[in-house]
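Report on the structure given below.
The values are calculated or read from the model by the stated rules, or taken from the named source; none is laboratory data. Here the structure is a predicted model, which means the values were calculated and not measured. Cβ placement follows ideal geometry from the backbone for every residue including glycine, while neighbour counts extend to all protein chains displayed. Please note that ligands, DNA and RNA were not included when accessible areas were found on the heavy atoms of the full protein model with its side chains. Shrake-Rupley method; radii C 1.70, N 1.55, O 1.52, S 1.80 Å.
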Amino acid sequence: MDFKLTEEHIMIRDAARDFAKSELLPGVIERDEKQEFPATQVKKMGELGFLGMMASPEFNGGGMDTVAYVLAMEEISKIDASASVVMSVNNSLVCWGLDTYGNQAQKEKYLTKLTTGEKLGAFCLSEPEAGSDATSQKTTAIENGDHYILNGTKNWITNGNSADYYLIIAQTDREKRHKGINAFIVEKEWEGFDIGVKENKLGIRGSDTHSLHFTDVKVPKENRIGEDGFGFKFAMKTLAGGRIGIAAQALGIAAGAYELALEYSKVRKAFGTEISNHQAIAFKLADMHTSIEAARHLVMKAAWDKDTGGNFDLSGAMAKLYASKVAMDVAVEAVQVHGGNGYVKEYHVERLMRDAKITEIYEGTSEIQKIVISRSILNK
Ligand code: CAA
């Protein structure tokens, strides 16, 4: 067993770290406050290759492994989790999903632009009545000649208004339940596609989260991904990989909060000495560091499983379950270490604490991860 990163991995991690510090840190507080999408920064992420890291070079992707991707995700998330969710959705749900399950024509037409950031993607599974219970799709796509006619509503869609191409999961045959679900590539400009309300969120406020409405949208048959009825499996398999990205995001939020707390504890004085000299603070730092390291091992193991044909459904769910809890716990403690300053925006930790919560919710709540894990270990 070798815990060392390769030179290439270190290079990618450092490039992401530099980018986050130079391009994302300036303005991150203001973007959070104004709910402003980091459009310029996302464009640059595309130019630097951070939006299609794992996709095939044939379609302008980086051809990198999942380990490289989670290293970059961690660094971006330390500074700006709003930017990192844009990156995560585009990489692991949209590009990976299309690269793995799309056909040649779909990849040439759509993937080549998504990998470079020329176009941005969104993944649309959730509905008002189908969040955790993802098989209960109400959005329909009814076959009609060489098209499907799409009707319905999607909720809480990341990149909701910023995306150009949307992977939409819809019911094509209600009788067949989850076997009658399909996934489609839909373009924003198509008639009948309306962007709904923007959510005013607790955290990741720089990312734009919207509902979407479809009224008789004509979707060409060639935009269906995979065989008829493959849509639910497509969503599940893609989300299994996506969860590794969100686990890495949670890890980054935790590590970012910890690093700020560590630095602060070495300069802030109380009772005549730096607060790191007080055991109450030093022990908090020890706990934070240990849990982050444990989360990092789970995230890396899940990434390695995905790269080597292992069971990443299980390891990704475990990584997300654990890393998201660590993100929450560590961010709360980082605020505590900062005392009164922790409650103030300019110290960043209060934002990280708000951002952390979503990692326990999206791409499958912690309760859903426990369903996935328990079914796997009980062979159900
Ligand atoms: N890979 C392949 N197939 C899978 C699978 C996987 N990981 N998980 C399930 N399936 C298949 C099953 O084999 C089954 O197919 P067969 O009948 O052919 O065997 C089918 O899918 C249905 O599976 P279940 O019977 O297990 O379905 P269920 O109703 O019990 O639900 C669930 C399973 C795990 C709870 C699922 O509904 C789920 O993951 N829910 C959470 C949804 C979610 O994560 N939403 C996130 C929204 S996207 C998002 O947040 C993105 C963003 O913008 C940040």
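Tabulated data for the structure shown
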item	result
Test for MET87: is it at pLDDT 95 or above, part of a loop (DSSP other than H, G, I, E, B) and surrounded by 22 or more Cβ atoms within 10 Å (Cβ to Cβ)	no
Positions within segment 181-227 being assigned to a loop (DSSP other than H, G, I, E, B), charged (D, E, K, R) and either within 14 Å of ILE168 (Cα to Cα) or touching a Leu at 6+ places or on another chain (Cβ under 6 Å) (or both), in sequence order	LYS188
Cross-chain or 6+ apart pairs with Cβ under 7 Å, segment 221-240 first and farther than 12 Å from ALA134 by Cβ and open to solvent by less than 30 Å² (accessible area, probe 1.4 Å), then in a loop (DSSP other than H, G, I, E, B) and more than 10 Å from the ligand (Cβ to nearest atom)	ILE225/GLY102
Condition met for SER136 (among the hydroxyl-bearing types (Ser, Thr, Tyr) and assigned to a loop (DSSP other than H, G, I, E, B))	yes
Single residue of segment 20-52 satisfying the filter (touching a residue at least 60 places away in the same chain (Cβ under 8 Å) and of a type in the set (A, V, I, L, M)) that is nearest to SER88 (Cα to Cα)	LEU51
Set ILE361, ILE368, ILE373: member being without any contact (Cβ under 8 Å) to a residue 60 or more places away in the chain, within 16 Å of the ligand (Cβ to nearest atom) and in a helix (DSSP H, G or I)	ILE373
Qualifying residues in segment 136-164 (those that are more than 14 Å from the ligand (Cβ to nearest atom) and under 22 Å from LEU114 (Cβ atoms)) - the one nearest to the chain's Cα centre (by Cα)	ASP164
Every residue from segment 58-76 that is open to solvent by less than 10 Å² (accessible area, probe 1.4 Å) and either free of Cβ contacts under 8 Å to residues at least 12 places away in the same chain or more than 14 Å from the chain's Cα centre (by Cα) (or both)	PHE59, ALA68
Extreme residue, most open to solvent (accessible area, probe 1.4 Å), among residues of segment 349-371 that are of a type in the set (Lys, Arg) and under 27 Å from ARG31 (Cβ atoms)	LYS357
Number of the exception - ILE79 against (1) in the same structural domain as PHE184 (by TED's automatic domain parsing); (2) open to solvent by 10 Å² or more (accessible area, probe 1.4 Å)	(1)
Within segment 100-133, considering residues that are in a loop (DSSP other than H, G, I, E, B) and away from the ligand (no atom under 16 Å from the Cβ), the one farthest from the chain's Cα centre (by Cα)	ASN103
Subset of segment 104-162 (residues that are open to solvent by less than 40 Å² (accessible area, probe 1.4 Å) and acidic (Asp, Glu))	GLU127
Of all residues in segment 319-348 being open to solvent by less than 30 Å² (accessible area, probe 1.4 Å) and under 20 Å from the mean Cα position of the chain (by Cα), the one that is farthest from LEU298 (Cα to Cα)	ALA331
Residue, nearest to the chain's Cα centre (by Cα), within segment 255-289, restricted to residues that are of a type in the set (S, T, N, Q) and assigned to a helix (DSSP H, G or I)	SER265
